[in-house]
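Presented below is the structure to which this report refers.
The values are calculated or read from the model by the stated rules, or taken from the named source; none is laboratory data. Model, not experiment: these values are computed from the prediction. Virtual Cβ from ideal backbone geometry, glycine too; neighbours counted across all protein chains shown. Accessible surface is based on the protein model in full, side chains and every heavy atom, while ligands, DNA and RNA are left aside. Shrake-Rupley method; radii C 1.70, N 1.55, O 1.52, S 1.80 Å.
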Amino acid sequence: MMEMLAMGKYGAYVWSSFGLMFIVMIACVVQARSRHRKMYQQIESRLKAMDSAT
Amino acid sequence: MKPRQQRMLAVGLAALGVVLAVAFTLRAFEENMMFYVEISDVVEGKVPDNRTFRVGGLVVPGSIVRESGQMQVKFTVTDTKNSLDIFFSGILPDLFREGQGVIAHGSLNEDGQFEADTVLAKHDENYMPPEVADSLAKHAADKAAATVVEE
Amino acid sequence: MFRHMWIFLHKLASPPHFYGLAAKMIPWFYVSGLLLIAYGTIAGLFYAPADYQQGDAFRIIYVHVPAAYLSMMAYSIMAISAGIGLIWRMKLAHAVAAAAAPLGAWFTFLALATGSIWGRPMWGTWWEWGDPRLTSELIMLFLYFGYMSLRAAIDETSKADKASAVLILVGAVNVPIIHFSVEWWSSLHQGPTLVREGGPAIETAMLYPLLGMILGFTLFFGALLLARVRAEVLHRERRSRWVRNLILGESA
């Protein structure tokens with residue numbers, strides 16, 4: 001088991017590559033979701049402000 | 001920051017990006033086209049003056065000589081027509097071995113020997129497990145032997 | 001048949017229809033993409049044999065190649081969308097181009113970073129200044145940054161669309177340069193393994209996880225792109241009646 005995780009003598013290189021992949025994947029998902037939420041909330045607050053003004 | 005200033009900053013950054021891109025491209029061409037020298041040209045003494053350049057070729061099997069107890073290593077690279085001795089002191093990449101394609105940066109010293117400051121190893125685009133590589137090599141050897149027998 | 005296609009495309013290009021359809025499609029893209037990435041990661045790390053030259057270091061291919069492919073794919077999608085947006089004045093196409101840019105930048109960064117991590121033990125260097133493959137990929141990262149800062153600099157959406165579309169189309173010349181750089185110039189980088197004459201030069205047990213990763217990354221990218229286009233569409237249509245109905249209708 002440990003031998004499999006060691007990746008010969010290249011463990012640090014292999015695991016940091018896959019770690020970076022997961023970081024980028026998570027960052028992409030978080031960014032995409034928060035951007036949609038931000039747009040939605042912006043419009044929502046503007047529409048509500050407009051409605052309460054009239 | 002005012003919106004107009006923000007815009008100017010952003011346009012400035014975009015312009016800087018384009019300038020950097022052009023600079024990198026030019027640098028790439030300079031380094032690669034101008035200062036990559038064929039081994040045959042080095043042998044004939046056709047090398048750039050007072051500047052480091054790079055040579056590329058295959059490591060000749062059996063040519064690797066290490067000074068005992070030192071980092072100094074000497075090996076020969078060949079472009080199949082001519083060959084050149086390379087002197088290097090430092091850490092070689094893991095893929096450095098006999099028959100491997102390598103690129104060396106460096107220049108000629110006073111004695112006309114190529115002294116490398118960096119040695120990089122290339123690998124090919126084939127990926128396979130060691131067993132397959134061994135059997136491929138064995139097949140190739142068998143085939144060669146068979147041709148010799150036929151002749 | 002052709003007419004049905006045409007109607008479908010027209011409906012797809014209508015913002016409210018796209019917004020709803022994309023929301024239904026996103027989970028499917030995420031789930032199928034992540035399943036394939038999970039398969040590729042496990043099979044690539046633990047089941048594929050080590051390489052005859054590079055040993056276990058070759059496993060970085062399972063991150064590096066899909067990332068590099070997506071970095072170019074995202075750029076191609078942007079260039080095509082920008083072209084469609086300019087020629088047919090289709091707003092959704094501009095929204096797609098704007099949404100793809102940050103994703104392309106992320107995957108270009110991932111390709112460069114994992115390439116560097118791979119290069120250190122194998123080639124003997126983190127980075128080789130002036131190498132054509134490495135340099136053209138780095139230029140693509142700057143093109144993405146340039147595109148995003150140009151968009152951020154122009155307040156008016158339609159102007160930003162046009163100016164940034166021109167930039168991305170001019171920069172599109174870099175995509176074939178990246179692909180062919182290893183053939184046209186002397187590069188430290190080896191030639192293509194998958195897309196080459198005579199078929200892929202990689203053992204089947206190593207190939208399948210790689211194909212799984214590439215397809216998984218593509219589907220995952222599809223989900224991200226749809227999610228980002230939805231946000232972009234919402235912003236662009238913020239004054240429209242359907243957005244008003246959508247938002248106030250839900251909260252009422």
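Test A:SER52 against the stated conditions and say whether it is part of a helix (DSSP H, G or I), of a type in the set (Ser, Thr, Tyr) and surrounded by 11 or more Cβ atoms within 10 Å (Cβ to Cβ). The answer is no for A:SER52.
In the list A:ALA12, A:ALA32, which residue meets the criterion of being part of a helix (DSSP H, G or I), over 24 Å from C:ALA231 (Cβ atoms), open to solvent by less than 90 Å² (accessible area, probe 1.4 Å) and not hydroxyl-bearing (Ser, Thr, Tyr)? Even if it seems obvious, please write down each step before you answer.
Values: A:ALA32 fails: over 24 Å from C:ALA231 (Cβ atoms).
Criteria check complete, one pass: A:ALA12.
Looking at C:HIS94, C:HIS64, C:HIS10, which is the one that is without any contact (Cβ under 8 Å) to a residue 12 or more places away in the chain, assigned to a helix (DSSP H, G or I) and out of contact with any Lys or Arg (no Cβ under 6 Å at 6 or more places or on another chain)? Before you say what the answer is, go through the steps one by one.
Working: C:HIS94 fails: without any contact (Cβ under 8 Å) to a residue 12 or more places away in the chain; C:HIS64 fails: without any contact (Cβ under 8 Å) to a residue 12 or more places away in the chain.
Of the residues listed, the single one that is without any contact (Cβ under 8 Å) to a residue 12 or more places away in the chain, assigned to a helix (DSSP H, G or I) and out of contact with any Lys or Arg (no Cβ under 6 Å at 6 or more places or on another chain) is C:HIS10.
Give the residue that is farthest from the other protein chains (Cβ to nearest Cβ), with candidates limited to residues of segment C:136-150 that are touching a residue at least 40 places away in the same chain (Cβ under 8 Å), buried (at least 22 other Cβ atoms within 10 Å of the Cβ) and not aromatic (Phe, Trp, Tyr). Only one residue fits best here, namely C:GLU137. If you check C:SER164 against the conditions, is it within 27 Å of A:SER16 (Cβ to Cβ) and not aliphatic (A, V, I, L, M)? For C:SER164, the condition - within 27 Å of A:SER16 (Cβ to Cβ) and not aliphatic (A, V, I, L, M) - is not met. For segment A:35-49, a residue qualifies if it is within 7 Å of chain C (Cβ to nearest Cβ) and open to solvent by 50 Å² or more (accessible area, probe 1.4 Å), and exactly one does: A:ARG35. Can you find a residue in segment C:38-56 that is open to solvent by less than 20 Å² (accessible area, probe 1.4 Å) and closer than 25 Å to C:ALA101 by Cβ? No, segment C:38-56 contains no residue that is open to solvent by less than 20 Å² (accessible area, probe 1.4 Å) and closer than 25 Å to C:ALA101 by Cβ. Which of the residues spanning segment C:221-252 are among the basic types (Lys, Arg) and either at positive phi or not in a helix (DSSP H, G or I) (or both)? The answer is C:ARG238, C:ARG239.
Looking at C:LEU246, C:LEU234, which is the one that is within 25 Å of C:TYR19 (Cα to Cα), open to solvent by 30 Å² or more (accessible area, probe 1.4 Å), among the hydrophobic types (A, V, I, L, M, F, W, C) and more than 14 Å from chain B (Cβ to nearest Cβ)?
Details: C:LEU234 fails: open to solvent by 30 Å² or more (accessible area, probe 1.4 Å).
Answer to the check: C:LEU246.
So is C:GLY104 in a helix (DSSP H, G or I), within 14 Å of chain B (Cβ to nearest Cβ) and touching a Ser or Thr at 6+ places or on another chain (Cβ under 7 Å) or not?
Spelling it out, it is not the case that C:GLY104 is in a helix (DSSP H, G or I), within 14 Å of chain B (Cβ to nearest Cβ) and touching a Ser or Thr at 6+ places or on another chain (Cβ under 7 Å).
Determine whether segment A:19-27 contains at least one residue that is free of Cβ contacts under 8 Å to residues at least 40 places away in the same chain, open to solvent by less than 80 Å² (accessible area, probe 1.4 Å), in contact with a Lys or Arg (Cβ under 8 Å, 6 or more places away or on another chain) and within 8 Å of chain C (Cβ to nearest Cβ). No: zero hits.
Is it the case that C:ALA165 is surrounded by fewer than 19 Cβ atoms within 10 Å (Cβ to Cβ), assigned to a helix (DSSP H, G or I) and within 23 Å of the chain's Cα centre (by Cα)? When the stated conditions are applied, C:ALA165 does not pass them.
Taken over segment C:35-70, the criterion of being among the charged types (D, E, K, R) and over 23 Å from the mean Cα position of the chain (by Cα) is satisfied by C:ASP51, C:ASP56.
I want to confirm something. Restricting to segment B:32-79 and keeping residues that are of a type in the set (D, E, K, R) and not in a loop (DSSP other than H, G, I, E, B), which single residue is surrounded by the most Cβ atoms within 10 Å (Cβ to Cβ)?
Checked segment B:32-79; the qualifying residue surrounded by the most Cβ atoms within 10 Å (Cβ to Cβ) is B:ARG54.
For segment B:80-98, which residues satisfy the criterion of being open to solvent by less than 60 Å² (accessible area, probe 1.4 Å) and at pLDDT below 85? The one that is open to solvent by less than 60 Å² (accessible area, probe 1.4 Å) and at pLDDT below 85: B:GLY90. Give segment C:90-134 a look and list any residue that's of a type in the set (S, T, N, Q) and crowded, with 24+ Cβ neighbours inside 10 Å, or say none. Scanning segment C:90-134 gives C:THR108, C:THR114.
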